[in-house]
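Chemist: Would you mind keeping the following structure in view while I ask a few things?
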Amino acid sequence: MNSARISELLKTRPKTSFYWGVYAASTQEGVMSDLGVAVAKKLAKRAVDRNCLKRMIRELVWAAQAKTLNQDVVVKLKKPIGRETRGRLRKKEKEILRSQISGLI
């Protein structure tokens, strides 16, 4: 997804939860839907956690796009993760984040 389309989507009103913001807009006829993921280094300190979150988001959005969702989507992390675990993403928090994302999509 190019930066002009991402900035266009970020101007729309997002669906939000405590941790996430999901920006979605319909695609044009005959064009495949696209995905953008933003997980800032300030919000997820460890590269392992950022990559894990991005992978999880991609899987959930692609599954939704294959079934019913035919929209361009940008997913953005809003709050820092791992406050109680010294910046590390643990299994319990990962399950909470997964359920929030699947609830928004």
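Chemist: Every residue in segment 30-44 that is open to solvent by 30 Å² or more (accessible area, probe 1.4 Å), within 17 Å of Y19 (Cα to Cα) and over 10 Å from the mean Cα position of the chain (by Cα), please.
Modeler: Answer for segment 30-44, where residues must be open to solvent by 30 Å² or more (accessible area, probe 1.4 Å), within 17 Å of Y19 (Cα to Cα) and over 10 Å from the mean Cα position of the chain (by Cα): A40, K41, K42, L43.
Chemist: Just one of S102, S17, S26 is surrounded by fewer than 16 Cβ atoms within 10 Å (Cβ to Cβ), among the hydroxyl-bearing types (S, T, Y) and farther than 19 Å from N2 by Cβ; which is it?
Modeler: S102
Chemist: Which residue, of V61, V22, V73, V39, is among the β-branched types (V, I, T) and free of Cβ contacts under 8 Å to residues at least 40 places away in the same chain?
Modeler: Testing whether each residue is among the β-branched types (V, I, T) and free of Cβ contacts under 8 Å to residues at least 40 places away in the same chain leaves just V39.
Chemist: Report yes if A25 is touching a helix residue (DSSP H, G or I) at 6+ places or on another chain (Cβ under 6 Å) and among the aliphatic types (A, V, I, L, M), otherwise no.
Modeler: In short, yes.
Chemist: What are the residues in segment 69-99 that are open to solvent by 60 Å² or more (accessible area, probe 1.4 Å) and either at pLDDT 80 or above or in a helix (DSSP H, G or I) (or both), if any?
Modeler: Passing the criteria: K76, K78, K79, K91, K92, K94, E95, I96, R98, S99.
Chemist: Only residues that are under 18 Å from K92 (Cα atoms) and of a type in the set (A, V, I, L, M): list them for segment 19-59, please.
Modeler: L43, A44, V48, L53, M56, I57
Chemist: Of the residues A66, A47, which single one is without any contact (Cβ under 8 Å) to a residue 12 or more places away in the chain, exposed (fewer than 13 other Cβ atoms within 10 Å of the Cβ), under 19 Å from R98 (Cβ atoms) and over 14 Å from the mean Cα position of the chain (by Cα)?
Modeler: The match here is A66.
The values are calculated or read from the model by the stated rules, or taken from the named source; none is laboratory data. Computed from a predicted structure; not experimentally measured. Note that each Cβ is placed from the backbone with ideal geometry, even for glycine, and that neighbours are counted across all protein chains shown. Please note that ligands, DNA and RNA were not included when accessible areas were found on the heavy atoms of the full protein model with its side chains. Shrake-Rupley method; radii C 1.70, N 1.55, O 1.52, S 1.80 Å.
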